[in-house]
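The values are calculated or read from the model by the stated rules, or taken from the named source; none is laboratory data. Fair warning: this is a prediction, and the values are worked out from it, not measured in the lab. Virtual Cβ from ideal backbone geometry, glycine too; neighbours counted across all protein chains shown. Please note that ligands, DNA and RNA were not included when accessible areas were found on the heavy atoms of the full protein model with its side chains. Shrake-Rupley method; radii C 1.70, N 1.55, O 1.52, S 1.80 Å.
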Amino acid sequence: MMPLTIAIDGPVGAGKSTISDEVARRLGILHLDTGAMYRAVGLCALEEKIDPQDAEKVSALLTEGRAQVDVRYEGGAQITLLNGRDVTGLIRSQEVGQAASTVSRYPAVRKMLVRRQQELAQTQPMLLDGRDIGTVVLKDATVKIYLTASAEARAKRRMLQLREKGDDTPFETVLQEVNARDYQDMHRAVDPLRRAEDAVLVDSSELSFDQTVSAILSLVEAKK
Ligand code: DC
């Protein structure tokens, strides 16, 4: 029998990562943050002084084995590896996020990362979050969720996170960044972000963190 798989897709700032972490923890299964893998490729390009817009050079990093991305787990937490080096902390910057969004357009990048994600989910029950989990990576996932919130709600949450780090980027700027990333993720030619037909829509605009987690856990219970 296929192990339990949960696919959570949605736009930037919908809270996918933190919500997914908590849902996986409550279910006692591993959470694979696939965005971290694209971020590792973005970081690799930046470190190698390759322009993320340069499709050929970025793709060569993958096909020549110079950007080997993998994950391992320590006490249930994901450690993201780039050529064997722990880059978990380094990939969280805004700059790396933007580079990730750009390099994620290239088929060579997607092919390599999707294959690894599928391998990981074959061997153990897992929750994967990303943009194309329900549509490409795990077309037969046990449960598919499309987690979203209005652009304003997402920008507001992001702004509060930034404030905590002492960054006071104005709301309007954060909103513009959210909209720009949505556009880029939804309009790329290869596997754009979209809701799978069989994915359940969860709109967290008016929901607290706990309410969102509970809503997803109920959907999983209903399907198991
Ligand atoms: O979720 P995130 O911000 O860490 O993702 C970074 C970028 O990676 C995002 O802008 C689009 C890309 N991505 C993707 O194309 N497919 C995924 N499954 C996950 C992320």
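The lysines within cross-link reach of K139, meaning a Cα-to-Cα straight distance under 26 Å and a gap of 8 or more places when in the same chain, are K16, K111, K223, K224. Taking only protein heavy atoms and a 1.4 Å probe, the accessible area of the range 94-171 is 51% carbon and sulfur.
Among G42, G65, G15, the largest mean-square fluctuation in a Gaussian network model of the chain (Cα springs under 10 Å) belongs to G65.
Could you tell me whether the range 168-218 comes out rounded, prolate or oblate from its Cα gyration tensor? Rule is a ≥ b ≥ c as square roots of the eigenvalues, rounded for a/c under 1.5, then prolate if a/b exceeds b/c, otherwise oblate. Oblate is the answer for the range 168-218, as a/c is 1.5 or above yet b/c matches or exceeds a/b.
Within the assembled protein chains, the solvent-accessible surface assigned to M159 is about 30 Å², based on a 1.4 Å probe. Highest mobility in the GNM of the chain, judged by mean-square fluctuation with C-alpha springs under 10 Å and restricted to G13, G76, G89, is found for G89. Placing unit charges on the Cβ atoms of the charged side chains and taking the dipole of the range 8-90 about its Cα centre, the candidate lying farthest along the positive direction among L30, I79, A60 is L30. When the Cα positions of P170, G10, P125 are compared along the charge dipole of the chain, P125 comes out farthest toward the positive end, with charges on each C-beta of Lys, Arg, Asp and Glu.
Taking the Cα centre of the chain as reference, the dipole from Cβ charges on Lys and Arg (+1) and Asp and Glu (-1) amounts to some 360 debye.
How large is the dipole of the range 126-224 about the Cα centre if only Lys and Arg carry +1 and Asp and Glu carry -1, each at its Cβ, rounded to the nearest 20 debye? The partial results should precede the final answer.
Values: 15 positive and 18 negative charges, 35 e Å.
About 160 debye.
The magnitude of the dipole of the range 110-166, with charges of +1 and -1 set on the Cβ of Lys/Arg and Asp/Glu and taken from the Cα centre, is near 280 debye. Highest GNM mean-square fluctuation, the chain, Cα pairs closer than 10 Å: which of D54, D70, D33? So, out of D54, D70, D33, the one fluctuating most is D54.
Solvent-accessible area per residue for the chain at a 1.4 Å probe radius, Å²?
Values: 11010 Å² over 224 residues.
Solvent-accessible surface per residue comes out at 49 Å².
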